[in-house]
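The structure under discussion appears below in the form of structure tokens.
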Amino acid sequence: MRDGNAVWGRYAKPSVRGTRLQRSVHAEVVVVGAGISGAMIAQSLAEAGICPLIVDRRRAAILGSTAASTALLQFELDTPLTTLRRTIGPRKAEKVWLASREAVNELRTRSARLGIQAHLETRPSLYLAGNVLDAKGLQREVAFRQRIGLQSEYLDRHALRHHFGIDRSAALLSHGNAEANPVELAAGYLRMALRDGARLHTPHDIVSIDCGRRETTLLTADGIELRARHVVLCTGYELARIVPASGSRIISTWAIATRPQPRALWPQKALIWEASDPYLYMRTTVDGRVICGGEDEAFADAGRRNSLALRKSKRLEAKLHRMFPELDCRAAVAWSGSFGGSRNGMPTIGAIPGYPRCYAVMGYGGNGITFSMLAARLITAAVLGKKDPAAPLFAFRAA
Ligand SMILES: Cc1cc2nc3c(=O)[nH]c(=O)nc-3n(C[C@H](O)[C@H](O)[C@H](O)COP(=O)(O)OP(=O)(O)OC[C@H]3O[C@@H](n4cnc5c(N)ncnc54)[C@H](O)[C@@H]3O)c2cc1C
């Protein structure tokens, strides 16, 4: 799931402990997976008065993709609005982008309300012209974005060089995105869930799920039965057998972090990414490191991912140097990981067809954490039996 220790290991590591279950239990809701999705969903459920039982197959919480995440918290999907309009229709595409912006806003306000700091900072983002959208493409993109009230503006080569010192034909400067330490963020949400009555049990590997008319029975590898009225599968890209995998794919990705160099950073500590496939992205950390990631490839094999690590980090160093020659671009930390994505950059969130009261969240892509927040809203509404107008946009299509 990930190799090498991510840069987050260089900062104080929050501890959220789970206990081992000794016997079979019953809960109103079982959440499988204690990454950022499970944490946000459990917190939202607990706040609504439903105390979920959270289980994770690893020895502790937050040891999956979340621990490797570079945590750019963007409303901007991997798929440009221009492209998504063509593939799923203009109205639907606009609703998806607006739901994504709402999720980033909710992430910010909810975290503040709960006192979760996690070095969560609002940042502008720069989306640089590349092989997916050139300068003309970015002009079309900004027009569509502005038409639905998204805060993006077009920078031509001159403005981009003047304001950010970057030499590209054009970029979009957008406002209202954010960055965080993903481990602290997930730990914060888990702690709040536990405070409000959730329980966390590790390590328990769910090996079978048997869905009955009134309740679902989950069996752990060590023979413990969990019975629940609702089950929420937040297992990242390690999909349970009952989750339809069609359309989802596993992406491996690499990242480096430089030494701290707070005086050498670019203006506004903007999140930077490219309108390219695969794309390169950058952000800064609280102590002035530069994180640079990308080089994505569509496979999951950890051995292959590891064997490419040195070559990929050298390429990231070189690309970072091309953009910012004055930075010390050498990798002080290098790591890699995998996450689940989808072809159109949209997640799938909701009830699993044919499995009453069982829900899954999957296929998040590069906006994983934004969509974890969206999932918290949609899944809580579903468990409470409420209708959310955004739910059909992200639902599983019935088989
Ligand atoms: C290098 C990298 C960079 C990234 N950068 C960004 C970024 O900048 N911005 C962004 O938004 N997203 C980013 N992502 C994606 C984002 O990190 C993921 O979408 C997100 O972390 C997924 O969280 P999750 O909780 O769904 O999954 P995970 O964090 O993988 O958690 C799933 C949990 O489920 C548990 N589990 C699985 N199967 C079982 C089972 N059968 N029984 C019990 N437990 C089980 C696992 O042990 C794990 O703890 C990045 C990912 C990587 C790897």
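Could you tell me what percent of the DSSP beta bridges with both partners in the chain are antiparallel, to the nearest 5? Spell out each step's value before the answer.
On the way: 50 of 71 bridges.
If I count the DSSP bridges inside the chain, around 70 percent turn out antiparallel.
If you average the sequence gap of Cα pairs under 8 Å that are 6 or more apart and divide by the length of the chain, what percent do you get for the contact order?
Working: 899 pairs, mean separation 99.8, N = 399.
Once divided by the residue count of the chain, the mean separation gives 25 percent.
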Original post:
Which of 262, 347, 80 moves most in a GNM of the chain, Cα contacts under 10 Å?
Top reply: 262
Original post:
Using a Gaussian network for the chain with springs between C-alpha atoms less than 10 Å apart, which of these wobbles most: 361, 286, 104?
Top reply: 286
Subject >> Summed side-chain charge close to residue 362 - residues other than residue 362 whose Cβ falls under 14 Å, Lys, Arg +1, Asp, Glu -1 >> reply: +3
Original post:
Can you sort 329, 211 by how many other beta carbons sit within 10 Å, fewest first?
Top reply: 211, 329
Original post:
Given the options 74, 139, 43, which has the most mean-square fluctuation in a GNM of the chain, springs set between C-alpha atoms less than 10 angstrom apart?
Top reply: 139
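So, counting K/R as plus one and D/E as minus one, what does the shell of residues with Cβ under 10 Å around residue 151 add up to?
Details: positive: 101, 145; negative: 153.
Combined, the nearby Lys, Arg, Asp and Glu give +1.
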Subject >> Radius 14 Å from Cβ of residue 380, net charge of other residues (Lys, Arg +1; Asp, Glu -1) >> reply: 0
Subject >> Residue-averaged [θ]222 nm for the chain, counting only DSSP H segments that reach four residues, each worth -39500 (n - 2.57) >> reply: -9500 deg cm²/dmol
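Once you sort the root eigenvalues of the Cα gyration tensor of the range 1-81 as a ≥ b ≥ c, which label holds: rounded (a/c under 1.5), prolate (a/b larger than b/c) or oblate (the other case)?
On the way: a/c = 2.31, a/b = 1.36, b/c = 1.70.
In terms of gyration-tensor shape, oblate.
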Original post:
Of 269/387; 13/387; 95/319; 269/312; 13/312; 136/319, which ones are farther than 30 Å apart at the Cα?
Top reply: 269/387; 13/387; 95/319
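Given an 8 Å cut-off on Cα distances and at least 6 residues of separation, report the relative contact order of the range 119-234 as a percent. Display every interim value, and only then the final one.
Details: 144 pairs, mean separation 26.0, N = 116.
RCO, the range 119-234: 22 percent.
None of the figures in this text is laboratory data; all of them are computed from the coordinates on show. Note that the coordinates shown come from a computational prediction; the quantities given were computed from them, not determined experimentally. Positions of Cβ are backbone-derived with ideal geometry, glycine not excepted, and every protein chain shown enters the neighbour counts.
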